[in-house]
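Working notes for the structure below.
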Amino acid sequence: MQACSSLSVSLPSLFVIDPVARSFGAVEASRSKTLRFCSFRREALGLCLPRRAGSGRIPLLGSSRRLCKKTVAAASGNGVPGKGFDYDLVIIGAGVGGHGAALHAVEKGLKTAIIEGDVIGGTCVNRGCVPSKALLAISGRMHEFRSEDHLKTMGLQVPSHSYDRQGVADHANNLASKIRNNLTNSLKALGVDILTGVGTILEPQKVKYGKVGFQNKQVTSKDIIIATGSIPFVPNGIEVDGKTVFTSDQALKLEWVPEWIAIIGSGYIGLEFSDVYTALGSEVTFVEALDQLMPGFDPEIGKLAQRILINPRKIDFHVGVFAKKITPAKNGKPVLIELIDAKSKEPKDTLEVDAALIATGRAPFTKGLGLENINVVTQRGFVPVNERMQVTDADGNLVPHLYCIGDANGKMMLAHAASAQGISVIENICGKDDLLNHLSIPAACFTHPEISMVGLTEPQAREKANKEGFEVSVAKTSFKANTKALAENEGEGLAKLIYRPDSGEILGVHILGLHAADLIHEASNAIALGTRIQDIKFAVHAHPTLSEVLDELFKAAKVNTGVSDSVNKPVAV
């Protein structure tokens with residue numbers, strides 16, 4: 001999460017954000033006002049940077065300056081709605097996706113309202129990405145303190161280390177509260193109307209909202225975006241009491257640290273919590289239904305992650321089994337977990353543990369939306385959409401002026417994917433035909449070390465190659481060859497590039513190592529912009545930095561002779 005900025009604005013003064021922005025952007029306000037924005041979106045600052053047509057590049061210094069008139073106007077009045085409507089846009093759900101869409105809508109001059117029945121920020125800010133990263137920041141330090149050999153090789157001695165459970169929990173809660181307030185303030189500062197209550201679609205372009213026990217209100221809007229997110233998925237047979245058997249929502253409160261905890265599921269959520277609990281002294285047992293741990297990862301990265309993140313720690317696991325029944329601890333008895341074979345359904349084992357964390361994924365939160373009023377039928381709970389996030393009805397027809405983004409549509413259940421989808425929807429609403437390339441959206445697992453990925457795994461790429469008739473090649477580099485990683489004594493790690501040697505197209509990049517979550521963006525941006533290996537291998541990286549892992553990775557790729565070199569010819573300056 002980036003830092004937030006407090007900005008004091010008064011006429012006729014102009015302000016700038018950084019040295020590059022100094023030549024491009026300024027914000028004007030009609031009266032003195034302090035604005036606080038969270039950097040989920042840079043556009044919240046009103047900084048409007050002109051771009052060259054057909055590129056993602058900002059013009060060189062010396063280009064003409066201009067005010068972002070739509071943003072300035074919207075900040076003071078939140079636009080003017082189209083004729084016959086209360087709003088140009090109503091967004092149901094104020095998570096990261098809804099927030100990103102709202103800010104972009106205001107920038108485009110749309111009169112915007114956002115309906116939220118819980119709290120601003122949704123799952124990510126309140127029960128997901130944000131508080132979990134606070135806990136993982138603590139776990140990273142604790143893992144380092146516990147690794148005496150690691151510290152001794154650097155000449156460091158830490159005679160004792162401990163933690164205050166309540167202090168750790170408070171850190172996570174305080175961070176979530178701070179980011180939630182920042183998001184709320186950014187919406188209010190730009191004039192977005194926050195409508196409190198549960199939103200229900202009554203008919204096309206009409207929504208009601210309200211709290212239980214209070215009279216509902218109705219609003220009309222030219223366009224509506226559903227951004228209601230998701231909730232933890234709990235399989236049948238599992239009894240959640242919130243104390244000894246709980247989901248990630250409750251685990252983030254860190255009300256206690258069990259001596260032995262079973263984690264049901266070894267995906268992103270389960271893996272991150274194993275990092276937290278082992279750092280705080282717990283023993284962990286994974287229960288995974290598929291035949292291998294971390295099934296969603298590239299297999300080679302998954303095997304390496306098991307060697308680094310699982311085997312050296314107090315973690316054991318059962319794969320190829322279902323938790324048929326989980327009973328919370330009662331009357332002095334432990335949590336009971338009945339395991340059955342995932343294929344034969346025959347009984348396998350019974351575990352007795354202090355606690356169980358249910359990390360079996362997330363389910364869309366789409367009940368109560370009134371979709372039946374517009375002939376929309378969900379698919380496993382997900383709202384059906386096309387490639388432009390337009391909702392389709394039971395007959396396969398587009399529902400006019402209705403969109404769905406984020407976890408509720410199931411395309412890619414990541415907070416930043418929801419925000420990107422929301423921005424894309426606003427572009428389409430405003431007349432620009434915009435398609436989001438989901439293969440360019442990165443994902444990360446914030447363990448220690450981190451794992452990140454973008455694009456296809458190697459099996460996925462080879463399957464695609466077999467169908468379409470092209471060759472796939474793989475290049476790899478190790479963190480052990482990186483000076484900065486070795487200086488940090490963090491040489492464990494691998495970067496893997498999957499590509500087409502006939503064209504130089506990047507199909508996927510997977511990284512396990514120090515700050516992998518930060519490093520992946522060079523690859524994701526390359527995929528998004530269509531940059532080929534023969535272009536990016538000439539990029540210059542500062543030395544000594546971790547970014548050189550990617551530099552060496554792209555240089556290690558072998559593109560076939562005869563493929564054109566640089567698409568974008570360099571200009572000497």
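Rule-based calculations on the coordinates, nothing more; no lab input. If you're wondering where the values come from, they're calculated on a predicted model, not measured in any experiment. Positions of Cβ are backbone-derived with ideal geometry, glycine not excepted, and every protein chain shown enters the neighbour counts.
Once the piece of chain linking residue 208 and residue 540 is laid out straight, how much longer is it, given 0.36 nm per residue of separation minus the C-alpha distance between them?
114.1 nm
Any chance you could get the radius of gyration and Dmax over the Cα atoms of the stretch 399-498, in Å?
Spelled out, the Cα radius of gyration and Dmax of the stretch 399-498 are 18.4, 57 Å.
What is the distance in Å between the Cα centroid of the stretch 228-266 and that of the stretch 175-197?
Taking the Cα centre of each part, the stretch 228-266 and the stretch 175-197 sit 28 Å apart.
Arrange the peptides 292-304, 155-167, 208-220 so that the one whose residues have, on average, the most other Cβ atoms within 10 Å appears first.
Highest-to-lowest ranking by the protection proxy: 292-304, 208-220, 155-167.
Direction-averaged shadow area of the convex hull around the Cα atoms of the stretch 91-239, nm²?
14.4 nm²
Under 20 Å from the 7 Å Cα→Cβ point of residue 177, by amide nitrogen: which residues of the stretch 247-278?
Taking a point 7 Å out along Cα→Cβ of residue 177, the residues of the stretch 247-278 whose backbone N falls under 20 Å are 249-256.
In whole Å, how far is the Cα centre of the stretch 94-159 from that of the stretch 304-321?
Centre-to-centre (Cα) distance: 25 Å.
Around residue 312, what is the net charge, scoring Lys/Arg as +1 and Asp/Glu as -1 over all other residues with Cβ under 14 Å from its Cβ?
Its environment carries a net charge of -3.
Starting from 0.36 nm per residue, how many nanometres of slack lie between residue 467 and residue 428 once their C-alpha separation is accounted for?
10.9 nm
Taking the Cα centre of the stretch 477-559 as origin and charging only Cβ (+1 Lys, Arg; -1 Asp, Glu), how large is the dipole, in debye to the nearest 20?
Magnitude of the dipole: close to 260 debye.
Radius of gyration and Dmax for the stretch 439-567's Cα atoms, expressed in Å?
Using the Cα atoms of the stretch 439-567, the pair Rg, Dmax is 14.2, 44 Å.
Using Cα pairs under 8 angstrom and six or more residues apart, how large is the relative contact order of the stretch 433-484, in percent?
21 percent
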